[in-house]
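Bear in mind these aren't lab numbers, they're just calculated from the coordinates by the rules spelled out. Predicted, not measured: the structure shown is a model, and the values here were computed from it. Cβ: placed from backbone, ideal geometry, glycine included. Neighbour counts: every protein chain shown.
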């Protein structure tokens, strides 16, 4: 038993050291002149501007509560970056997990402690929760128990988390925004978007997905509840808690169960479809198409700590240059993060998969000249008027009608719920793999789609 206690002590000391380092880095960031090369025209940004000038979002941000859902197995890896970035600009936030603890100055609430005691103590689904509690209370580290079973606890957190968050703030705040530990939330765009929604209505907004007959907001992409909608869910959950907990036990997903509670209300609270403003891609996996181009981006999903830091610093610099009223569009993110990368590579990257998937010629299935070499694959793309990018690996040539950045071969990130959607891409032989982009066509595409109109800027797709 001594070894787990030693590991726990080390982890506590590590967390304290990380928080101290974050504070020092943030202080240095605020006083040291830096330059930001990511805006159009390589606009230089002077980061000596005090954080109060670039971080403070005065209009409407105090009326929003941001709620982050995480777990004890990942909290030390994923929460620190949010404390240094996401929450640095937000006055109201809550963090829920599956173990109650104090994380530096931040109280972590145990969402599962709000599940009925009988279920917590006896239900098979929560056996892992009981084991996790015992392990941590004995001095163990939650990360020791990381695995698929930790994911199975997730669905149980949604209803008690939403209910508890509402009870803590009630109607003092107008909006409750829920994210996960790998979600990046643009506070800048969020407050601009919420102006276009009616805080007095029962608003339930998010990126729409469908399972069976139930349409619901995808939890990892982030979702929004007005205080009145959160009140509706809280009251319905409290009145029939045992019934809803029984339904959660038989559901795949907590975000689906949440939608069913709202749909069962009288009158029902249907989803306000909010894609692509709320969406579940990363900068590297997103298709930079007309669906997204002239829309603001409020959320990104499956973002690691480095990605969250880059997005947050970019957003802070954006406000410094453009002020608080100009939204950041997908087109602006493209100009900041994607176009400079592929241009610097002169349109070609070795050992890279850019996720091209509109054309696919495989030697094992077809006779086609394009898979003979990377040069032949690029020539094939040039011969297709709609082709913007290509990817070659031995015996395979792929082409794409939309731009994606992708990732280095062998460095494909875990994409959670998106695994099935992209699993067929990049699984072929990779020896000598090359990806390329037709830069002249991409420039022409950007010119064709810009400048973006402000008409319908915040509209979403059904």
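Cα extents for the stretch 149-189 along the principal axes, largest to smallest and rounded to whole angstrom: 36, 25, 9.
Where the eigenvalues come from the Cα gyration tensor of the stretch 84-214, what are the semi-axes √(5λ) of the equivalent ellipsoid, largest first, in whole Å? Before the final figure, lay out the partial values.
Values: eigenvalues 171, 71, 44 Å².
Taking √(5λ) for each Cα gyration eigenvalue gives 29, 19, 15 Å.
For the stretch 165-238, the share of alpha carbon pairs falling in successive 10 Å distance bins from zero is 18, 49, 31, 2 percent.
Contact order for the stretch 224-305, expressed relative to its length and based on alpha carbon pairs under 8 Å spaced 6+ residues apart, stands at 23 percent.
Look at where the Cα atoms of the stretch 247-273 and of the stretch 366-407 average out, and the two centres are 43 Å apart. If you take the Cα centroid of the stretch 156-183 and the Cα centroid of the stretch 68-88, the two points sit 16 Å apart. When the alpha carbon gyration tensor of the stretch 217-361 is reduced to an equivalent ellipsoid, the three semi-axes, largest first, read 38, 20, 13 Å.
Using the per-residue mean of other Cβ atoms lying within 10 Å as a proxy for protection, in what order, highest first, do the peptides 75-81, 87-93 fall? Before the final figure, lay out the partial values.
Numbers: 75-81: 19.3, 87-93: 17.4.
Result, highest mean first: 75-81, 87-93.
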